[in-house]
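Read the structure below first, then the notes.
Read-outs throughout are calculated quantities, based only on the coordinates presented, and are distinct from any laboratory measurement. Please read these numbers as outputs of a predicted model, since none were measured by experiment. Note that we place each Cβ from the backbone using ideal geometry, even for glycine, and neighbour counts take in every protein chain shown.
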Amino acid sequence: MSTLNIIYLSLAEIFGDFKLKDYARKGSSKNLILGLIGYAFVIYFLIKCLKTGNVLYVNGMWDGISCILESIAAYIILGERFNNKKQYLGLLLIIAGLFLLRSGGIPQ
């Protein structure tokens, strides 16, 4: 399983999330369709990842990478911020967790 596929999986999820958020708040059917297309790509990349990695590993990597990428996107694109510095420390711990997951190799 390639880390690149996990990144694509996470980016598809972020795209889908942002479009579905727009649909939920603005009601545009275009955003609903784009959000659903984003999630179709989530399914595609999830299947690619599960061909070579087990669910426990793929899910951990996906959650971590998705959390980091979506947090960066929310910070830059949406201008969202945390309430205190401990929350930013939490993101750093997620990054550390990803390195620990990768250090053991890819379980099958």
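Data for the structure
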quantity	calculated
Straight-distance crosslink candidates among lysines, where the alpha carbon sits under 17 Å from Lys30 and sequence neighbours closer than 8 are dropped	Lys19, Lys21
Gain upon complete extension [Asn83, Ile68; 0.36 nm per residue less C-alpha separation]	3.7 nm
Cα lying deepest toward the dipole's positive end in the chain, options Gly27, Gln87, Gly64, charges on Cβ	Gly27
Helix-only CD estimate at 222 nm, as mean residue ellipticity for the chain, using -39500 (n - 2.57) per DSSP H run (n ≥ 4)	-28000 deg cm²/dmol
Stokes-Einstein D (µm²/s) once Rh is taken as the Kirkwood radius of the chain over alpha-carbon pairs, at 37 °C in 0.692 mPa s	221
Amide N of the range 4-32 lying under 20 Å from the label point, which is placed 7 angstrom from the Cα of Tyr44 along Cα→Cβ	4-20, 30-32
Per-pair calculated FRET efficiency, R0 = 41 Å: Asn59 and Lys30 via Cβ, rounded to 0.05	0.85
The chain, dipole about Cα centre (Lys/Arg Cβ +1, Asp/Glu Cβ -1), debye to the nearest 20	140
For the range 35-46, 3J(HN,Hα) per residue [Karplus equation, 6.51 cos²θ - 1.76 cosθ + 1.60, θ = phi - 60°, Hz, x = Gly/Pro]	x, 5, 5, x, 6, 5, 5, 4, 4, 4, 6, 5
Overall dimensions of the range 45-108 as given by Cα atoms, namely Rg and Dmax in Å	13.8, 40
